[in-house]
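Trainee: Shown below is the structure under consideration.
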Protein chains: 2
Amino acid sequence: MSNRTDARGRRPGGPDTRGDILRAARESFASNGFSGTSMRGVARGAGVDAALVHHYFDSKDALFVEAMALPVDPRQVAATVLDGPREEIGVRIVTVFLGVWESPDGQQRMKAFLRSVVSSDQVAQLMRDGISRLILAPVSEVIGGNDARLRVSLVASQLIGMALTRYLLELEPLASAPVQTLIDRIAPVLQQYLTD
Amino acid sequence: MSNRTDARGRRPGGPDTRGDILRAARESFASNGFSGTSMRGVARGAGVDAALVHHYFDSKDALFVEAMALPVDPRQVAATVLDGPREEIGVRIVTVFLGVWESPDGQQRMKAFLRSVVSSDQVAQLMRDGISRLILAPVSEVIGGNDARLRVSLVASQLIGMALTRYLLELEPLASAPVQTLIDRIAPVLQQYLTD
């Protein structure tokens, strides 16, 4: 199997080459953090040519997102949130966030993800890196002002807390409140954090 | 050791009778929930007379608080929060909450506590019970209105999320923001949740 070549004669590796690369990436992100990880280093760790890593993954961000097995692509979340009028950004943020959590598959994966962030310092550090780079940075840039990052991290804290309280702690009546009720209550708060 | 009697001739149990009662209480709360646990049942589980449970613990609430090894007594938190003008309740809540987390001992215990809530469904269920009975109920009663419990649970979600983001995820700049900055930003949001 590992001797197959693709139509262009390039060795795509064994059937699990992509998996080998992801495993090596996870190890490297965990040991060296995001900035200490390179595509070349991951290739070395997986025992493949660096070109093969680029063949499977467009960029280090893309590799990171896949390696973390995030239930959603944070870059897409950031893009959706930023696409629209600024005075409705609070509504968009909580709507997108609840949309991910309310899908049956999304909820299981997000719960597992939140649990691993809380139980492992290593996963927490990676998430810190990932959220900072892929969500906080682009959203803060659009919000502007020298306290933009604090504002965005306060929004993150409310969203994380809502998810934990509703889906893991299942505290009533928040746990069974209709999605629209939550949007109505939380959106103004996020808007206040971001733009007041 | 277990045959000692105290000055009044009552058998106080071995030196770890109190510990035995707490262990039996933890088992019962975990298996049967708060409402399914009785002082008498705990006594039976610990192999002691029910009077001895009452000797060590004033009430089932007191037994619950001790059995959960909470870093703070939630009844005291509720009392502090409710003691003062209603229009400053947001400030009081976040100040008390941050006060617990910012003390060095409190921070370690609260982190351990938050981790156990997230990783164990059983602990989560107990906390749900405990927070509902000892904090949500009395605070909601003072807030009033038919959506008081939803309002208070939204406040809980922001506090839990802030703690998780600041102390476990350590997301910057929220992680190293001065306490007063957090009070200034979060208090108006809590006030809005509760009284708007």
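The values are calculated or read from the model by the stated rules, or taken from the named source; none is laboratory data. This structure is a prediction, so every number in the text was calculated from the model and none was measured. A quick note on method: Cβ atoms are made from the backbone with ideal geometry, for glycine too, and the neighbour counts reach across all protein chains shown. Just so you know, the surface numbers come from the protein's heavy atoms only, side chains and all, with ligands and any DNA or RNA stripped out. Shrake-Rupley method; radii C 1.70, N 1.55, O 1.52, S 1.80 Å.
Trainee: Give the residue from A:M127, A:A79, A:P178 lying farthest towards the positive end of the charge dipole for chain A; charges sit on Cβ (+1 for Lys and Arg, -1 for Asp and Glu) and the dipole is referred to the Cα centre.
Mentor: A:M127
Trainee: Ordered by packing density, taken as the mean number of other Cβ atoms within 10 Å over each peptide's residues, highest first, how do A:103-112, B:105-114 rank? Working shown, then result.
Mentor: Working: A:103-112: 14.1, B:105-114: 15.8.
Ranking the peptides A:103-112, B:105-114 by packing returns B:105-114, A:103-112.
Trainee: Now, a different point. Any idea what the A:S35 label distances to the other copies are, label 7 Å down the Cα→Cβ vector, nm, shortest first?
Mentor: Output for A:S35: 5.4 nm, nearest copy listed first.
Trainee: Next question, about the same structure. Please list 3J(HN,Hα) in residue order for the range A:85-90, calculated via the Karplus relation 6.51 cos²θ - 1.76 cosθ + 1.60 where θ = phi - 60°; whole Hz, with x for glycine and proline.
Mentor: x, 5, 6, 10, 5, x
Trainee: Distances from A:A51 to the same residue in each other copy, label points 7 Å out along Cα→Cβ, in nm, shortest first?
Mentor: Label point to label point, same position, other copies: 8.8 nm.
Trainee: Let me ask something else. Show me, for the range A:179-190, the HN-Hα J-couplings you get by feeding each phi into the Karplus relation (A = 6.51, B = -1.76, C = 1.60, θ = phi - 60°), rounded to Hz, glycine and proline as x.
Mentor: Karplus values, whole Hz, x for Gly and Pro: 3, 5, 4, 5, 4, 4, 7, 8, 3, x, 5, 5.
Trainee: So what is the 222 nm mean residue ellipticity for chain B from helices alone, if each DSSP H run of at least 4 adds -39500 (n - 2.57) and you divide by all residues, rounding to the nearest 500 deg cm²/dmol? Display every interim value, and only then the final one.
Mentor: Working: 11 runs with 129 residues, N = 196.
The helix contribution divided over chain B gives -20500 deg cm²/dmol.
Trainee: Threshold 40 Å², probe 1.4 Å: give the residues of the range A:151-167, in number order, that are less accessible with all protein chains present than with their chain alone.
Mentor: Residues shielded by partner chains are A:S153, A:L154, A:S157, A:Q158, A:I160, A:L164.
Trainee: What is the Cα coordinate range of the range A:113-155 on the first, second and third principal axes, sorted by size from largest, in whole angstrom?
Mentor: 34, 16, 14
Trainee: In addition: Hey, can you find the accessible area per residue of chain B for me, probe 1.4 Å, expressed in square angstrom?
Mentor: Numbers: 9040 Å² over 196 residues.
So chain B comes to 46 Å² accessible per residue, rounded to a whole number.
Trainee: Still on this model: Please report, in debye to the nearest 20, how large the charge dipole of chain A is about its Cα centre when each Lys and Arg carries +1 at its beta carbon and each Asp and Glu carries -1 there. If you can, show how the numbers build up before the last one.
Mentor: On the way: 22 positive and 22 negative charges, 141 e Å.
The dipole of chain A has a size of about 680 debye.
Trainee: While we're here: Ordered by residue, what ³J(HN,Hα) values in Hz, to whole numbers, does the range A:145-157 give under the Karplus form 6.51 cos²θ - 1.76 cosθ + 1.60, where θ = phi - 60° and Gly and Pro are x?
Mentor: x, 6, 10, 4, 5, 5, 4, 5, 6, 5, 4, 4, 5
Trainee: Along the charge dipole of the protein assembly as shown, pointing to its positive end and built from +1/-1 on Cβ of Lys, Arg, Asp and Glu, which listed residue (B:A25, A:A187, B:G145) has its Cα farthest out?
Mentor: The residue sitting most towards the positive pole is B:A25.
Trainee: Moving to a separate point now. Straight-line reach from A:K60: which lysines fall under 27 Å, measuring Cα to Cα and dropping same-chain residues less than 8 apart?
Mentor: A:K111
Trainee: Please report, in debye to the nearest 20, how large the charge dipole of the range A:17-67 is about its Cα centre when each Lys and Arg carries +1 at its beta carbon and each Asp and Glu carries -1 there. It would help to have the intermediate numbers written out before the result.
Mentor: Numbers: 6 positive and 6 negative charges, 24 e Å.
Around 120 debye, computed over the range A:17-67.
Trainee: Calculate the mean, over all residues of peptide A:178-186, of how many other protein chain Cβ atoms lie within 10 angstrom of the residue's Cβ.
Mentor: Details: counts 0, 0, 0, 2, 3, 0, 0, 7, 5.
What the average comes to for A:178-186 is 2.
Trainee: In addition: Give me the dipole magnitude in Debye, nearest 20, for the protein assembly as shown about the Cα centre, with unit charges on the beta carbon: positive for Lys and Arg, negative for Asp and Glu.
Mentor: Details: 44 positive and 44 negative charges, 221 e Å.
Dipole size: approximately 1060 debye.
Trainee: Taking K and R as +1 and D and E as -1, what net charge do the other residues with C-beta under 10 Å from the C-beta of B:A187 add up to?
Mentor: Details: positive: B:R92, B:R185; negative: B:E88, B:D184.
Neighbourhood net charge equals 0.
Trainee: Next question, about the same structure. If one takes the accessible area of chain A alone plus chain B alone and subtracts that of the pair, with a 1.4 Å probe, what total in Å², rounded to the nearest 100, results? Intermediate results must be reported in sequence, preceding the final value.
Mentor: Values: alone 10830 and 10810 Å², together 18090 Å².
For A against B, buried area totals roughly 3600 Å².
Trainee: Given the rotation that superposes chain A on chain B, what residue of A brings its beta carbon nearest the axis, and what is the distance in Å?
Mentor: Nearest-to-axis residue on chain A, with distance in whole Å, is A:G161, 1.
Trainee: Where Lys and Arg each count +1 and Asp and Glu each count -1, what net charge lies around A:L63 among other residues with Cβ under 11 Å from its Cβ?
Mentor: Working: positive: A:R18, A:R26, A:K60; negative: A:D58, A:D61, A:E66.
Every neighbour counted, the sum reads 0.
Trainee: Specify whether the C-alpha gyration tensor of the protein assembly as shown places it in the rounded, prolate or oblate class, a ≥ b ≥ c being the square roots of the eigenvalues: rounded for a/c under 1.5, otherwise prolate if a/b is larger than b/c and oblate if not. The partial results should precede the final answer.
Mentor: Numbers: a/c = 2.54, a/b = 1.53, b/c = 1.66.
Oblate, since a/c reaches 1.5 and b/c is not below a/b.
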